[in-house]
Amino acid sequence: MKKIIKQFVFSLIILALLAGGYYFYQNNKQQRPEDLYKLAEITQGDIEQAVAANGTINPVTLVSVGTQVSGRVSKLYVDFNDKVEKGQVLLELDDALFTAQIAQTQGNVRNAEASVELAKANEARMRSLFEQEYVSRQELDQSVQALKSARAVLESSRAQLQRDKTNLSYSIIRSPVSGIVIDRQIDIGQTVAASFQTPTLIKIAQDLSKMQIDTSFAEADIGNIKVGQAAKFSVDAFPNLNFEGVVKQIRLNPVTTSNVVSYNVVISVDNPEHTLLPGMTAYVNIVFAKHDNVMLVPNAALRYKPKMDETDSKSGGNGNSPQRGAGNGSRKKPVETQNASGLGHGKVFVLQDGKPQLRQVKVGITDGKLTEIVSTEFKAGDKVIVGENQADGKAASSAMRAPRMF
């Protein structure tokens, strides 16, 4: 019995020693500074800074074909995606009313011509009688006036006939340009009315090998965009392809939406293979700055701000205590101030003697993830602090408590 008790006590002692060793191992392991902070290396490479926006791909010239007269569509000769030539007949409207109007006007013209002939004969007769002093001057003048009036009515009737013939020609809709039909808004039998405004029947893209992107950039970015700059863009239809264009125009007409001012930027694009289609959404990036072979740090390093009690009072031996704004608290731009050379001032922290130490650096352009830095204290491969691990040594030790003996 005593032997069993001794073995049980010995086993408890062994378990207690193992649990205590595991406890102290985990506690010391979590307390290492390397485990308390997230570190990232400074790299050497190229960086580009760009402004981005979404836009819509449109043909450079898009012609909306309409009608100047009303009528019912009797014939339709084109459909979507058809190629058309300038002057080609696209559709015809019912010309019954126009033909009847022309016949009526032609009758008016012939009536006016007969009136002119009669007035001309009366005027000649009155002039002969006036010379023989059989009629008065007033009667002669009245005959002259009747001739002029008949001639005016004839001219008016002929003008009306010309207008009716023109309306008849308008019932045949022809293509004003050569291109491709990208939209058709009418069908055979449909009635179109041109009472107040010209209705759009067909839309023709003149040349799909030349396209343009209509996009809007905020006023904060418009200062970095210049005519002639190269622009890169992608479309959802071809996610693995990258396309290029050139800034063609910055339109001076501002658009204000929810107190945000933006400007329309037109980007010209070559589309020789007709890969890009009208209406596609383009994700545009315009690169306005590029630096090669520079030191780069993650933006998180410039935004990192340690707790006050974790920083060294000497702040890395430079005699300046880090302030609350250390590491640039702004999350939009890692640059705090900017000098005339184009470089700004920023702050990063390194791990020294187990504590974050402040280092001042000059910062340049950024691509949203990495930022260029200029500093004699750093080289490629050095590590900077980008954040803190959520679980510290105390949390780990409390989570991994030693098992209870009893």
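The values are calculated or read from the model by the stated rules, or taken from the named source; none is laboratory data. Keep in mind the model is a prediction, meaning the values are calculated, not measured. Neighbour counts are summed over all protein chains in view; Cβ atoms, including those assigned to glycine, are modelled from backbone coordinates with ideal geometry.
Worth a mention:
- Unique residue being among the charged types (D, E, K, R), at pLDDT 50 or above and at positive phi when the list is D367, D292, D353: D353
- Restricting T56, T43 to residues that are out of contact with any Lys or Arg (no Cβ under 9 Å at 6 or more places or on another chain) and modelled with pLDDT under 95 narrows the list to T43.
- A single entry from D94, D35 fulfils the requirement of being surrounded by 13 or more Cβ atoms within 10 Å (Cβ to Cβ), at pLDDT below 90, of a type in the set (D, E, K, R) and over 30 Å from N264 (Cβ atoms): D35.
- For the stretch 252-308, residues that are part of a loop (DSSP other than H, G, I, E, B), under 30 Å from L36 (Cα atoms) and in contact (Cβ under 8 Å) with a residue 12 or more places away in the chain total 3.
- Going through (1) modelled with pLDDT of 60 or more; (2) surrounded by fewer than 20 Cβ atoms within 10 Å (Cβ to Cβ); (3) under 30 Å from G245 (Cα atoms) one by one, E377 falls short only on (3).
- Scanning the stretch 233-244 for residues that are surrounded by 14 or more Cβ atoms within 10 Å (Cβ to Cβ) and either outside any strand (DSSP E or B) or under 13 Å from the mean Cα position of the chain (by Cα) (or both) yields F233, S234, V235.
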